[in-house]
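Undergrad: Next up is a structure, given as structure tokens.
Quick note: the coordinates plus some simple rules give every number you see, no bench work behind them. Values in this document were obtained by computation on a predicted structure and should not be read as measured data.
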Amino acid sequence: MASLFCSSSLWLTQIMFSLLLLVILQQHHDCYGCLREERIALLDIKSSFSGDQGSIDPYSKFMSWNNSTDCCSWDGVQCSSTTKQVTRLDVSSTYQPWTSDYTFSMSLFLPFKEMRALILSDNNINGCIPITDCFGSLAGLKKLDYLDLSDNYFNGKDLSSLGALASLKGLSLGSNHMGSELFISGM
């Protein structure tokens, strides 16, 4: 009877150990995968570019952007190998061909505290929300050192708040169809 009790106890211990190991491995995956807050923000960015057309993605830019994969493996997304936080985001050429202009909320990028490069080129963006402080909301991205806004429709008024981005070392504004003079205070 004692040997039956010992083998049953050993069996129960092995099951408990297996369950504990499974829980630890699941937590480990969450810790080393995409950060939840950044995944949500990326999916919001995807929705913002999709507009009224919903799931249409004419250039397949967002095809890999889904809940079943780590967002660090998504097209256009690069993450730190140690923190798994987004460090570079390239959402260039994601505009919908049926739109002639597009107003974008820069506050969608605020969750990316480790972002160093943001590429928004060739998207037909013609303004920001809020209009009065288009890029001021990006000032919270203290590590952002490169911003590509080329091939859009920003005007000098939209870009005047770029001076709030103190960490910028590179700024691409080529092929914008600026209808006014560009004055950026603080740069």
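Undergrad: Straight-line reach only, C-alpha to C-alpha below 18 angstrom: list the lysines that K84 could link to, leaving out same-chain residues fewer than 8 apart.
TA: K113, K142, K143
Undergrad: Moving on to the next point. How much length would be gained if the chain were fully extended between L110 and S167, taking 0.36 nm per residue of separation minus their Cα-Cα distance, in nm to one decimal?
TA: Using 0.36 nm per residue and subtracting the Cα-Cα distance, I get 19.0 nm.
Undergrad: Once the convex hull of the alpha carbons of the range 36-172 is built, what does its volume come to per residue, in cubic angstrom?
TA: 99
Undergrad: Taking 0.36 nm per residue of separation and subtracting the Cα-Cα distance, what length does fully extending E37 through T69 add?
TA: So the extension gain works out to 10.0 nm.
Undergrad: Shifting gears a bit: If you wrap a convex hull around the Cα atoms of the range 120-159, how much volume per residue is inside, in Å³?
TA: 68
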